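Here's the structure, in structure tokens; my notes come after.
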């Protein structure tokens, strides 16, 4: 097979950056190859993607490009982006930002219309894409109102409509529910198989994509650090972790136990892992430790009474969408960190916005520490429940971090001395004092995220609702944010975490609430909820690989255990493997 | 979530999927707007009766568009001030400027209300309100595709139509962003209902800052997305996938609006015929 992409000693820096974002990169991609590009935030992954259709250098004219990139035989420095639209299909990381129209059909036909494709051919392609991506019947829907998985499929469909030779996907599953992610990845795999399309997938969450690729690259600071076939690549667990990439959970467990596993090949999937581990387990040891380490009770018992109570809560949006259908729920003053999980559009965010009165019930009521949110004063409510929005840019409204954090306190009418003291404390606690006089919009997303958490924390609410704090964050940043939330929880704050990241929910949250179609499907200790695979499936969720692996092993070995994290599974197996 | 199946997203909100206005072809809605706009320009400062007729028709069309209440309030707020400003402009005049044939109805120093001034103010107010209601009818009853197809029907270049469509799309997205930013501000203890006018204005600016930043970020993304999908390709005749035709209903609906235009022309050039 011939090379369809070549990078020859390529370096690139943006006008506003001092360092090279891509540095002396040499790369060849073959026609029909599936290449996975991974690396921490800021490693140059997205930049690499945008070089493939000449957006770099054409739309970033003041940057500096060295070396030569050819795609399908064309030099990207000498061919326009528009011409590349017939060769390279792009699916950008920010899925909504790439929508150009207000209906799915218009979005799909936009590319071929520009390229002058005949109406008959556009209709043929449209029918094909709608069927292929399971979007039939959604023609007139606004892409902005679809579920996360559907949005991603529309974005992929729009790229496919020009029949490109190469499909570049930048974190195409970062904001969708676990099974939606599986669906999107299966679609990508099918495209590659049926059309022999070259796929270049940029992704830093590796659990579901490890086996899809033919080859994996690790970029850091714009340099190629590691390259290889998936099994070989993900076997370098230490190197990956050192460079801010979290290998698949089962690979990490096997790597930790490699001495006991006779240095067998590192598994990449749950099935491979179970096949490797099951024969090595000593049944005698197993039966003597029937429930090796865990029990199914709530890790921390609730105390101090209920802080928030939702009774028969209904919410209907102005377009008639019924987002909540009779939800009953209590959140105690003290208790385990709560994960609120569910498919895109299941009602998680709508429910959470009722907790501090941002939304009012259409029917039913929400009581927060004795206050009815329908009539309570807003200032009282926000001091009980703080809400951190998913996108910090929706929240930031001031020109320094200090002012941003003090903004809410000014609204509460605190004196300047009180404001200064609280802001100082909270900046120190979140380790962002050095950014106090910086313009928040210019800071990295991780720091912006901490700034908005600080602004809520300064109001000293009893409960902090955090909406998808780890979306788009690499393993290191995600862990920093979660450890920070864990620290707050340890200090007595109740944390409600809305997330699609099942690994995070399993590892950090003692209680899990699963929502589907505006109702609560399950509510209980995370270990118990995550063992109910059928319920999770109904909510388009899937337990993390370590949970599935331990479930498989426990059913094979007729024992009963479920690990929620890599370290838990390592500890269990350490004792059981001969 | 469930429900919401009988509506579709318009430029500034949700439209009933099978509403009366949605049965009309996009060029028809555009023509209604253009015919009434042209008619009002013929009778402005010429025939108040026809202008009032156009105003009434505009209000009826506006009510069909079923815009959110907030919009109605904003129109009355904005144009109420405009009407007041016009009234002051035409009535605060030096006494020497009062036309000799004008009847003075009320006067206090330079504040002189004449029959001429009142009629002129009525014309201005009718015209502005009619145009506002018509523009909102058009915005409130159409989708972005309607705008592109409507302009395309009249052989206006596709690029122009798309540009309009994208402006409206961006406006639609900004409304969505506005809701989210506003909610984010609510969670910081802001109460938009309380405080003086200046304080409310300050709170409003709190929403504007993130909105502007988001708008710039979105615009940058949109440019990349447009380019990546061949928008700027040269030497290619672009295809219009959706073909628009006028149907019997469109002709029937358009007839009275053509009639209004004819009446307006007659009122302007042959006043004795009305």
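With bins 5 Å wide beginning at 0, the percent of Cα pairs of the range A:89-140 falling in each bin runs 4, 18, 26, 29, 18, 3, 0.
Compute the length gained on full extension between residue A:31 and residue A:574: take 0.36 nm times their separation in residues and subtract their Cα-Cα distance, giving the result in nm to one decimal. Don't skip to the end; give the middle numbers.
Numbers: separation 543, 0.36 × 543 = 195.48 nm, distance 4.37 nm.
Using 0.36 nm per residue and subtracting the Cα-Cα distance, I get 191.1 nm.
Kindly give Rg over Rh for the protein assembly as shown, based on alpha-carbon atoms, with the Kirkwood expression for the hydrodynamic radius. All intermediate terms of the calculation are to be shown ahead of the outcome.
Values: Rg = 30.8 Å, Rh = 30.2 Å.
Here the Rg-to-Rh quotient is 1.02.
Ranked from highest to lowest mean number of other Cβ atoms within 10 Å per residue, what is the order of the peptides B:229-241, A:505-517, B:127-139? It would help to have the intermediate numbers written out before the result.
Details: B:229-241: 16.1, A:505-517: 23.5, B:127-139: 20.9.
Ranked from most to least packed, the peptides come out as A:505-517, B:127-139, B:229-241.
So what is the calculated 222 nm ellipticity per residue for chain A, using -39500 (n - 2.57) for each DSSP H run with n of 4 or more, over all residues, to the nearest 500 deg cm²/dmol?
One gets -10500 deg cm²/dmol as the mean residue ellipticity at 222 nm.
Mean separation of Cα pairs under 8 Å and 6 or more residues apart, divided by the residue count, gives chain A a relative contact order of 15 percent.
What's the FRET efficiency of residue A:372 with residue B:69 using the Cβ-Cβ distance as r and R₀ = 25 Å, to the nearest 0.05?
Details: r = 25 Å, r/R0 = 1.01.
About 0.50, to the nearest 0.05.
Residue by residue along A:102-109, Cβ atoms of other protein chains within 10 Å of the local Cβ number 4 on average.
Mind ordering B:53-62, A:396-405 by average Cβ neighbours within 10 Å, highest first? List each step's numbers first, then the result.
Working: B:53-62: 20.2, A:396-405: 21.9.
My ranking of the peptides, most packed first, is A:396-405, B:53-62.
With Cα atoms defining each centre, the range B:108-124 and the range A:120-163 are spaced 59 Å apart in the structure. Our summary gives chain B a relative contact order of 31 percent, counting only alpha carbon pairs under 8 angstrom and 6 or more residues apart. Once the C-beta distance of residue A:18 and residue B:219 is scaled by a Förster radius of 25 Å, the resulting FRET efficiency is 0.45 to the nearest 0.05. When only Cα pairs below 8 angstrom with a gap of at least 6 residues are kept, the range A:502-555 shows a relative contact order of 30 percent.
For the range A:347-391, list residues with backbone N below 11 Å from a point placed 7 Å from the Cα of residue A:314 toward its Cβ? Flagged as within label range: A:362-364. Could you tell me whether the range A:151-238 comes out rounded, prolate or oblate from its Cα gyration tensor? Rule is a ≥ b ≥ c as square roots of the eigenvalues, rounded for a/c under 1.5, then prolate if a/b exceeds b/c, otherwise oblate. Note, shape of the range A:151-238 comes out prolate. In a fully extended conformation the segment linking residue A:242 and residue A:144 would gain 31.5 nm over its present Cα-Cα distance, using 0.36 nm per residue.
Cβ neighbours within 10 Å, averaged per peptide: list A:49-62, A:14-27 in order, most packed at the top.
A:49-62, A:14-27
Computed over the range B:157-243, the alpha-carbon pair-distance distribution with 5 angstrom bins reads 3, 11, 17, 18, 14, 10, 9, 7, 6, 4, 2, 0, each value a whole percent. Summarising the label geometry, the points placed 7 Å from Cα in the beta-carbon direction at residue A:66 and residue B:205 lie 4.6 nm from one another.
Based on alpha-carbon atoms only, what is the radius of gyration of the range B:75-225 relative to the globular estimate 2.2 N^0.38 Å?
Details: Rg = 22.4 Å, N = 151, 2.2 N^0.38 = 14.8 Å.
The value comes to 1.51.
Please report how far the C-alpha centroid of the range B:167-229 lies from that of the range B:64-82, rounded to the nearest whole angstrom. Going from one Cα centre to the other spans 20 Å. Shielding of peptide A:314-326 by partners, expressed as the average count of other chain Cβ atoms within 10 Å per residue Cβ, is 4. Legend: mean number of C-beta atoms from other chains within 10 angstrom of residue C-beta atoms, peptide B:119-129, equals 0.
Cβ-Cβ distance of residue A:360 and residue A:400, R₀ of 35 Å, FRET efficiency by 1/(1 + (r/R0)^6): the value works out to about 0.55.
Mind checking the full-extension length gain between residue A:333 and residue A:271? Use 0.36 nm per residue of separation minus the Cα-Cα distance, one decimal, nm.
Numbers: separation 62, 0.36 × 62 = 22.32 nm, distance 4.10 nm.
The residue A:333-residue A:271 span can extend by a further 18.2 nm.
Each reported figure results from applying straightforward, stated rules to the coordinates on display, with no laboratory input. Being a predicted model, the structure only gives us computed values, none of them experimental. Here Cβ is always computed from backbone atoms with ideal geometry, including for glycine, and neighbour counts include all displayed protein chains.
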